[in-house]
Amino acid sequence: MGFISEFKEFAMRGNVIDMAVGIVIGAAFGKIVSSLVGDIVMPFVGMITGGVNFSDMFMWLGDGEKPASLELAKEAGEPYVAYGVFVNTVIDFIIVALAIFIVIKMMNSAKKKFEKQKVEAPAAAPAPSAEEKLLMEIRDAIKAKG
């Protein structure tokens, strides 16, 4: 089997296509969660902590005076540690993990309900007893005479 035909067989499997769809949806979901954290959750956290903006928090490692914002630190080209961005990323991860946990929990519950409701195939009708066979023969004989 050639390399190209083997790759084509691999790529056309249902699992690979399902995985690709999952990655695309996951990337879009990641953007939504990042917006949720950056635009909705963190402003409330900042309000609770007295106006602290985590996305702008950093530790200056460069020479000279610490810049007023993370943007200015980036422009300075000196080393810095953006731990506020890391805090936002950790919160992103926790929200994504929680959402995935909830979805999987719901899917498992639905799967269990579906398996309980699954109707088993009806059992084959039992073979007629000797008495029933005799009665059917008598009936058939009467029909044949009449």
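Readers should treat all values here as calculations from the given coordinates under stated rules, not as data from a laboratory. This is a predicted model, so every value here is computed, not measured. We place every Cβ from the backbone using ideal geometry, glycine too, and count neighbours over all the protein chains shown.
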Report task. Step through the residues of region 63-73 one at a time and calculate ³J(HN,Hα) from phi using the Karplus curve (6.51 cos²θ - 1.76 cosθ + 1.60, θ = phi - 60°), rounding each to whole Hz and writing x for Gly and Pro. Result -> 7, x, 6, 5, x, 6, 9, 5, 4, 5, 5
Query - Total charge dipole magnitude, region 38-132, about the Cα centre, Cβ charges on Lys, Arg, Asp, Glu only, Debye to nearest 20 - result: 460 debye
Requested in this report: Mind checking region 1-101 for GluC sites (Glu not before Pro) that DSSP puts in a loop (not H, G, I, E or B) and that have at most 10 other Cβ atoms within 10 Å?
Outcome: GLU65
Report summary line: Phi-derived 3J(HN,Hα) across region 33-46 with the Karplus relation (6.51, -1.76, 1.60, θ = phi - 60°), rounded Hz, x for Gly and Pro, is 5, 4, 5, 4, 5, x, 9, 10, 6, 5, x, 5, 4, x
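Could you list the trypsin sites (Lys or Arg not before Pro) in region 1-87 that lie in coil according to DSSP, counting only those with at most 11 other Cβ atoms within 10 Å of their Cβ?
Those that pass, being in a loop and sparsely packed, are ARG13.
So what is the relative contact order of the chain, in percent, for Cα pairs below 8 Å that sit 6 or more residues apart? Please list the in-between numbers first.
Working: 67 pairs, mean separation 24.5, N = 146.
Relative contact order of the chain: 17 percent.
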Query - Which label in (i) 34, 24, 13; (ii) 71, 24, 10; (iii) 24, 17, 13 gives the computed semi-axes √(5λ) of the Cα gyration tensor in Å - result: (ii)
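For region 35-119, what is the relative contact order in percent, using Cα pairs closer than 8 Å and at least 6 residues apart in sequence? Before the final figure, lay out each step's value.
Numbers: 60 pairs, mean separation 22.0, N = 85.
Relative contact order, region 35-119: 26 percent.
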Query raised in the report: Which one of ASN88, ALA141, ILE17 is farthest out on the positive end of the charge dipole of the chain, using unit charges on Cβ (Lys, Arg +1; Asp, Glu -1) and the Cα centre as origin?
Result: ALA141
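Net charge around ILE32, counting only other residues with Cβ within less than 14 Å of its Cβ (Lys, Arg = +1; Asp, Glu = -1)?
On the way: positive: LYS31; negative: ASP39, ASP92.
Net charge around ILE32: -1.
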Query - Length released on extending from MET136 to ARG13, taking residue separation times 0.36 nm less the Cα-Cα span - result: 38.8 nm
Report summary line: Sorted by chain and number, the residues with a modelled amide H under 5 Å from that of TYR80, at a separation of 5 or more or across chains, are LEU61
Report summary line: Pseudo-spin-label distance ILE95 to ILE23, built 7 Å along Cα→Cβ, given in nm, is 2.5 nm
Report summary line: With x for Gly and Pro, the residue-by-residue ³J(HN,Hα) of region 15-26, computed from phi through the Karplus equation 6.51 cos²θ - 1.76 cosθ + 1.60 at θ = phi - 60° and given in whole Hz, is 5, 5, 5, 4, 5, 4, 4, x, 5, 5, 5, x
